[in-house]
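What follows is a set of notes on a single structure, which appears directly below.
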Amino acid sequence: MGKLDEAHDRLVRYWHWALPTSLPHRLTRAVIEGAVPVPPAGPTSSTALAYAELHALTSGDDRRRQPQSHQVGDVTSFYSGIMDACALAAEALASGCPDRRAEALDHFVRTYARISGHDDTPAFRAHLRTRFRHAAHPGSFPLRPAPSAVAPSRLP
């Protein structure tokens, strides 16, 4: 268990480094608690592997700080919105209800639209979809558009 506790501590340190310093302490703690699972008393090999993967993501040369105020403006609103979307997603997964999954996704997209000064439109969603597909890291995307970014189009 000692190795997982050490890994947990390293992950917590990463998130303290990565999050904006202007984020309220309570919200910082909530983000970290959501991002860094507490090691179970009886870890499985899957748990150890998951911690190893998290450690690799947060300790590589290409690790990134999370969105800062110069990228998203109101960081408190941004992180609060993301935390709300995560809570909705957890509820959706627990319930298995497709409508709840759609609600969580809608909240997530509205948060990104709002912080980037856009409305949640089909064109904005297509733009996000394109950015996710062309990200440097699978499942992530830069908050600032790439110089060669194509203007958003309609939903397929």
Under the Karplus relation with 6.51, -1.76 and 1.60 and θ = phi - 60°, whole-Hz ³J(HN,Hα) for the range 78-94, x at Gly and Pro, equal 4, 5, 4, x, 5, 5, 4, 4, 5, 5, 5, 5, 5, 5, 5, 5, 5
Ranked Phe132, Phe108, Phe78, criterion: other C-beta atoms within 10 Å, fewest first: Phe132, Phe108, Phe78
³J(HN,Hα) computed for each position of the range 22-35 - Karplus, 6.51 cos²θ - 1.76 cosθ + 1.60, integer Hz, glycine/proline x: 7, 5, x, 3, 4, 6, 4, 4, 5, 5, 5, 4, x, 8
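Read the figures in this text as sums done on the coordinates, not as results from a lab. Predicted, not measured: the structure shown is a model, and the values here were computed from it. Backbone-built Cβ (ideal geometry, glycine too); neighbour counts: all protein chains shown.
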